[in-house]
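Trainee: Right, I'll just put the structure down here and ask away after.
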Amino acid sequence: MAADGNMKPAKKLSLKENYAMLTRGLDWEPTYQKKEDIFRMIDFEGIKIHDWDKWEDPFRLTMDAYWKYQGEKERKLYAIIDAFQQGNGQFNVTDARYLQALKIFLTGIVELEYASHRGFCMLGREFPGAGPRIAAQMQSIDELRHCTTQIHAISHYSKYFEGMANFPEQFDRVWYLSIPKSFFEDACTSGPFEFIVAISFAFEYVLTNLAFMPWMSGAAFNGDMSTVSFGFSAQSDEARHMTLGIEVIKFLLEQDPANVALVQKWIDKWFWRGYRLLALLATMMDYVLPKRVMSWGEAWTIYYEENGGALFADLARYGIKPPKYADVTIKEKGRVSHEMWSVFYANRDAVNFSTWLPSEEEMAWFSEKYPDTFDKYYRPRFEHWRQLEKEGKPFTCKCLPQLCQVCQWPCLYTEPDDATEFLHRETEYKGETFHFCSDGCKDIFADEPEKYVHAWLPVNQIYQGNCFLPGVDPTAPDFNPLVEALKYMGLKPGVDGGLLKDSIDAQRWEQWTSRPANIHEGAYTDFVRKTTNG
Amino acid sequence: MATTSTQPVFIAFQDNNDTRPIIDAIMADNPNAKLNEMPALVKIDCPGRLVVRRDTISELAGREFDLREIYINLISLAGEVDETDEEFVLEWKTS
């Protein structure tokens, strides 16, 4: 090369040219197999695609850039995780109450990253267009990275605190974790176009900012260097995933006018499914974080009403309307976290994290953030329950709740226009009655009843005797189905669930750090050193 | 080129030393942008359209900047994306 003085180095390709070579030049037309035999899932949903080459990835991410920047993100993340572990970071978070949020995250969210990895693997195989296939393959690798880094980062907490070691088993068996699990299983068992509209658009683009921004900022605010680092490292991929979501929608809508109605139906369904899933996050933000960045109500105003509003204003030119029942989410924003925490508190012996009642100071914060609802509907309940705790007979729910056939939450919500009335809908299908938490979930069932009659509802399964460990004899005289069901879920009394003040984590936290296990309640044990003269 | 939309687009970055010139460049190039700071992150909102320019970041960082480096510290965004070697644009097309 050096001897050839006339040889000029090839001109570096522009980003657009480089991306075009990757997504157009590398693909080929099959010759000895029919295209419809290779891509067998692409027609049955009814979406019409005329020209896959119209697909344009606005990020134009090429392979060299992908590996380079993903590698850099990993190096940065692991440097922080090393520093966190070496610096005893597990004791530098606000308190032991904060750790309960990590348990919810580990069992409720990390597994969804893996489910998402599986879903995008399928899309990376099933899309006939090379552009979307490459985007789905990259996202599939991203999701696997998120899952592994999250498990790795949280594993350090598991060396010191209880209740995290059996997270895959709990994800499969703890009753309320069927909510996130069934959400992704619903998506993964849909066709490829419904999956991508569900996950990339309705979930990632419209809803997940609530998780990425205020929640992760909250983790940082509570001193959790590890979580905020894996959170932000994952989120740096999410911006690309979100962009894929909006690109998919535009592509489908521009390809054929007949696609509009289907896309609208999926937006309606998956916005509602995703919103119901995020109720878990509402509770984490308002009730679990000891130090808060913003309330769920404020976050919903910013990220759905303002930013989501801008998105749907933009999509109006395609004939797309804001999701059905978006108005209900706005009516519920002052209620959902309080109603949810009430259910977790009342069923605290059957969950994998500890609970507590909000302190006076916290209730004052709720009154300020939720002036229309908190004092009127929820403060009296929490004050009553606090009184019962003082009397040594804390309230617990003695029976199992009725679950919604679609989202699998207990029917715990209240009527959109009346916060004093429980919301319950039901329908008859083939001689059987099915129950729903909302009109949104009832509509989803009505559209595909044959899918949702198969839902595996934990409460129903417990009552049918399907949730006991091998060898348990339901005919034994001292047989207690609830105790046996807890064993099946892997929940141990005093370790998982219960009141925080009685938990082993709280005891150890105060013993090891000399700081209160719940900053809002003062010391639970004598281990906390007195630092004032008072 | 100009959009008539005034609906908000946004971009959010980790709040760290790497992003300081990026954030400063965006604020310099988008007179209507508003900076919202939260623990560990910054969110920049702007009506209609927001542009991230490679030149301005290179100038402020004091080195050649590859626009794709923003991926490392990017948290989230809203708006339709158009990316070239020189500019990363977020825009809503309709008002």
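Trainee: Any idea which of A:E421, A:E510 is of a type in the set (D, E) and crowded, with 18+ Cβ neighbours inside 10 Å? Steps first, please.
Mentor: Numbers: A:E421 fails: crowded, with 18+ Cβ neighbours inside 10 Å.
From the options A:E421, A:E510, the qualifying one is A:E510.
Trainee: Here's another thing I want to ask about it. Yes or no: A:D186 touching a residue at least 12 places away in the same chain (Cβ under 8 Å) and not hydroxyl-bearing (S, T, Y)? Before you say what the answer is, go through the steps one by one.
Mentor: Values: touching a residue at least 12 places away in the same chain (Cβ under 8 Å): yes; not hydroxyl-bearing (S, T, Y): yes.
So A:D186 passes the test.
Trainee: Can you find a residue that is closer than 23 Å to A:K68 by Cβ and of a type in the set (A, V, I, L, M) anywhere in the stretch B:29-43? Please lay out each step first, then the result.
Mentor: First pass over the stretch B:29-43, keeping only residues closer than 23 Å to A:K68 by Cβ: none.
The answer is no; no qualifying residue exists.
Trainee: Still on this structure, I have one more. Test each condition in (1) under 16 Å from the mean Cα position of the chain (by Cα); (2) modelled with pLDDT under 95 for A:A165 and report the one that comes out false.
Mentor: With respect to (1) under 16 Å from the mean Cα position of the chain (by Cα); (2) modelled with pLDDT under 95, A:A165 is out only on (1).
Trainee: Now for a different question. Is it the case that some residue within the stretch A:294-310 is outside any helix (DSSP H, G or I), in contact (Cβ under 8 Å) with a residue 60 or more places away in the chain, surrounded by fewer than 23 Cβ atoms within 10 Å (Cβ to Cβ) and touching a helix residue (DSSP H, G or I) at 6+ places or on another chain (Cβ under 6 Å)?
Mentor: Taking the stretch A:294-310 and keeping what is outside any helix (DSSP H, G or I), we get A:294-295.
From what's left, in contact (Cβ under 8 Å) with a residue 60 or more places away in the chain: A:294-295.
So of that shortlist, the ones also surrounded by fewer than 23 Cβ atoms within 10 Å (Cβ to Cβ) come out as A:294-295.
Subsequent filtering for residues that are touching a helix residue (DSSP H, G or I) at 6+ places or on another chain (Cβ under 6 Å) retains A:294-295.
Checked the stretch A:294-310: at least one residue is outside any helix (DSSP H, G or I), in contact (Cβ under 8 Å) with a residue 60 or more places away in the chain, surrounded by fewer than 23 Cβ atoms within 10 Å (Cβ to Cβ) and touching a helix residue (DSSP H, G or I) at 6+ places or on another chain (Cβ under 6 Å).
Trainee: So which pairs qualify, if the first residue must be in the stretch A:476-494 and assigned to a loop (DSSP other than H, G, I, E, B), the second must be modelled with pLDDT under 90, the Cβ gap must be under 8 Å, and the two must be at least 6 apart or on different chains?
Mentor: So the pair list comes out as A:F479/A:D473.
Trainee: Just checking, how many residues over the stretch A:417-446 are aliphatic (A, V, I, L, M) and more than 17 Å from A:F271 (Cα to Cα)?
Mentor: Narrowing the stretch A:417-446 to residues aliphatic (A, V, I, L, M): A:419, A:423, A:444, A:446.
Remaining after also requiring more than 17 Å from A:F271 (Cα to Cα): A:419, A:423.
Result for the stretch A:417-446: 2.
Trainee: Select from the stretch A:322-354 the residues that are assigned to a loop (DSSP other than H, G, I, E, B) and among the basic types (K, R) and write down the one among them that is nearest to A:G497 (Cα to Cα).
Mentor: A:R335
Trainee: I'd like to know if the stretch A:244-266 contains one or more residues that are among the aliphatic types (A, V, I, L, M), out of contact with any helix residue (DSSP H, G or I) (no Cβ under 6 Å at 6 or more places or on another chain) and outside any helix (DSSP H, G or I).
Mentor: yes
Trainee: Please pick out the residue among A:Y370, A:Y318 that is within 14 Å of chain B (Cβ to nearest Cβ) and either touching a helix residue (DSSP H, G or I) at 6+ places or on another chain (Cβ under 9 Å) or under 30 Å from A:R173 (Cβ atoms) (or both).
Mentor: A:Y318
Trainee: Identify, by number, the condition in (1) crowded, with 24+ Cβ neighbours inside 10 Å; (2) closer than 20 Å to A:V406 by Cα; (3) not hydrophobic (A, V, I, L, M, F, W, C) that A:S178 doesn't meet.
Mentor: It is condition (1) that A:S178 fails.
Trainee: State all residues of the stretch A:355-401 that are assigned to a loop (DSSP other than H, G, I, E, B) and under 30 Å from A:L457 (Cα atoms); if no residue qualifies, say none.
Mentor: Keep residues of the stretch A:355-401 that are assigned to a loop (DSSP other than H, G, I, E, B), which gives A:356-359, A:370-373, A:391-401.
Matches in the stretch A:355-401: A:W356, A:L357, A:P394, A:F395, A:T396, A:C397, A:K398, A:C399, A:L400, A:P401.
Residue by residue, here is whether (1) polar (S, T, N, Q); (2) more than 23 Å from A:I302 (Cα to Cα); (3) within 8 Å of chain A (Cβ to nearest Cβ) holds:
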site	(1), (2), (3)
B:P8	no, no, yes
B:N17	yes, yes, no
B:A25	no, yes, no
B:A28	no, yes, no
B:N36	yes, no, no
B:K43	no, no, yes
B:V51	no, no, no
B:E59	no, yes, no
B:F65	no, yes, no
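Trainee: In the stretch A:437-487, what residues are out of contact with any Leu (no Cβ under 9 Å at 6 or more places or on another chain) and surrounded by 18 or more Cβ atoms within 10 Å (Cβ to Cβ)?
Mentor: A:G440, A:C441, A:K442, A:D443, A:I444, A:F445, A:Y452, A:C467, A:L486
Trainee: Then there is this: Cβ-Cβ distance below 9 Å, separation of 6 or more or different chains: which pairs start in the stretch B:72-95 with a residue that is farther than 21 Å from A:Y66 by Cα and at the interface with chain A (Cβ under 7 Å from one of its Cβ atoms) and end on one that is in a strand (DSSP E or B) and aromatic (F, W, Y)?
Mentor: Going by the 9 Å Cβ cut-off, the qualifying pairs are B:A78/B:F10.
Trainee: Same structure, new question: Determine which single condition A:F479 fails, assuming it passes every other condition in (1) at pLDDT below 95; (2) in contact with a helix residue (DSSP H, G or I) (Cβ under 9 Å, 6 or more places away or on another chain); (3) on the phi < 0 side of the Ramachandran plot.
Mentor: Tallying (1) at pLDDT below 95; (2) in contact with a helix residue (DSSP H, G or I) (Cβ under 9 Å, 6 or more places away or on another chain); (3) on the phi < 0 side of the Ramachandran plot, A:F479 fails exactly one: (2).
Trainee: If I filter the stretch A:37-54 down to residues being part of a helix (DSSP H, G or I) and under 30 Å from A:S14 (Cβ atoms), which single residue comes out as nearest to the other protein chains (Cβ to nearest Cβ)? Working first, answer last.
Mentor: Filtering the stretch A:37-54 for residues part of a helix (DSSP H, G or I) gives A:37-38, A:52-54.
Subset that is under 30 Å from A:S14 (Cβ atoms): A:52-54.
Details: A:W52: 20, A:D53: 18, A:K54: 15 Å.
Filtering first and then ranking leaves A:K54.
Trainee: Could you please find all residues in the stretch A:108-161 being surrounded by fewer than 19 Cβ atoms within 10 Å (Cβ to Cβ) and outside any helix (DSSP H, G or I)?
Mentor: A:P128, A:K159, A:Y160
Trainee: Mind checking which strands (runs of 3 or more DSSP E) fall wholly inside chain B and carry at least 2 residues that are buried (at least 17 other Cβ atoms within 10 Å of the Cβ)? Reasoning before the result, please.
Mentor: Numbers: elements: B:8-14, B:34-38, B:41-47, B:49-53, B:74-78, B:80-83, B:87-91.
By residue number, B:8-14, B:41-47, B:49-53, B:74-78, B:80-83, B:87-91.
Trainee: Just to be sure before I move on: is A:F203 surrounded by 23 or more Cβ atoms within 10 Å (Cβ to Cβ), at pLDDT 90 or above and more than 17 Å from A:L281 (Cβ to Cβ) in the structure I sent? Walk me through it before giving the result.
Mentor: Working: surrounded by 23 or more Cβ atoms within 10 Å (Cβ to Cβ): yes; at pLDDT 90 or above: yes; more than 17 Å from A:L281 (Cβ to Cβ): no.
So A:F203 fails the test.
Trainee: Against the condition more than 10 Å from chain B (Cβ to nearest Cβ), under 28 Å from A:H152 (Cα atoms), of a type outside the set (G, A, S) and within 13 Å of the chain's Cα centre (by Cα), how does A:L281 come out, does it pass? Walk me through it before giving the result.
Mentor: On the way: more than 10 Å from chain B (Cβ to nearest Cβ): yes; under 28 Å from A:H152 (Cα atoms): yes; of a type outside the set (G, A, S): yes; within 13 Å of the chain's Cα centre (by Cα): yes.
So A:L281 passes the test.
Trainee: From A:N307, A:N347, which residue is closer than 30 Å to B:T6 by Cβ and polar (S, T, N, Q)?
Mentor: On the way: A:N347 fails: closer than 30 Å to B:T6 by Cβ.
Just one listed residue meets the conditions, A:N307.
Trainee: Name every residue in the stretch A:443-460 that is closer than 21 Å to A:C188 by Cβ, over 22 Å from the mean Cα position of the chain (by Cα) and either outside any helix (DSSP H, G or I) or at pLDDT below 95 (or both), in order of residue number.
Mentor: A:E448, A:V453, A:H454
Trainee: Return yes or no: is A:I179 under 30 Å from A:Q461 (Cα atoms), in contact with a Lys or Arg (Cβ under 8 Å, 6 or more places away or on another chain), assigned to a helix (DSSP H, G or I) and away from chain B (no Cβ under 14 Å)? Break it down into steps so the answer makes sense when it comes.
Mentor: Details: under 30 Å from A:Q461 (Cα atoms): yes; in contact with a Lys or Arg (Cβ under 8 Å, 6 or more places away or on another chain): yes; assigned to a helix (DSSP H, G or I): yes; away from chain B (no Cβ under 14 Å): yes.
Criteria met by A:I179.
Trainee: Would you please list the contacts, defined by Cβ atoms under 9 Å and residues six or more apart or on different chains, that run from a residue in the stretch A:21-40 that is farther than 18 Å from A:C121 by Cα to a residue that is exposed (fewer than 10 other Cβ atoms within 10 Å of the Cβ) and at pLDDT 90 or above?
Mentor: Sorted first by the residue in the stretch A:21-40, then by its partner, the pairs are A:P30/A:D37.
Trainee: Can you go through B:E80, B:E69, B:E86, B:E91 and tell me which one is out of contact with any strand residue (DSSP E or B) (no Cβ under 8 Å at 6 or more places or on another chain) and among the acidic types (D, E)?
Mentor: Details: B:E80 fails: out of contact with any strand residue (DSSP E or B) (no Cβ under 8 Å at 6 or more places or on another chain); B:E86 fails: out of contact with any strand residue (DSSP E or B) (no Cβ under 8 Å at 6 or more places or on another chain); B:E91 fails: out of contact with any strand residue (DSSP E or B) (no Cβ under 8 Å at 6 or more places or on another chain).
B:E69 is the lone residue from the list that is out of contact with any strand residue (DSSP E or B) (no Cβ under 8 Å at 6 or more places or on another chain) and among the acidic types (D, E).
Trainee: Scan the stretch A:55-100 for residues that are at the interface with chain B (Cβ under 10 Å from one of its Cβ atoms), in contact with a Ser or Thr (Cβ under 6 Å, 6 or more places away or on another chain) and closer than 19 Å to A:Q150 by Cβ and jot them down.
Mentor: Listed by number, the list holds a single entry, A:K73.
Trainee: Within the stretch A:218-230, can you find the residues that are surrounded by 24 or more Cβ atoms within 10 Å (Cβ to Cβ) and farther than 20 Å from A:Q86 by Cα?
Mentor: Matches in the stretch A:218-230: A:G218 only.
Trainee: Take the residues of the stretch A:24-50 that are acidic (D, E) and either under 31 Å from the mean Cα position of the chain (by Cα) or surrounded by 10 or more Cβ atoms within 10 Å (Cβ to Cβ) (or both): which is nearest to A:A234 (Cα to Cα)?
Mentor: Keep residues of the stretch A:24-50 that are acidic (D, E), which gives A:27, A:29, A:36-37, A:43, A:45.
Subsequent filtering for residues that are either under 31 Å from the mean Cα position of the chain (by Cα) or surrounded by 10 or more Cβ atoms within 10 Å (Cβ to Cβ) (or both) retains A:27, A:36, A:43, A:45.
Working: A:D27: 29, A:E36: 35, A:D43: 33, A:E45: 31 Å.
Looking at the filtered set, the residue picked out is A:D27.
The values are calculated or read from the model by the stated rules, or taken from the named source; none is laboratory data. Values in this document were obtained by computation on a predicted structure and should not be read as measured data. Because the Cβ atoms are built from the backbone with ideal geometry, glycine has one as well, and the counts that use them run over all protein chains shown.
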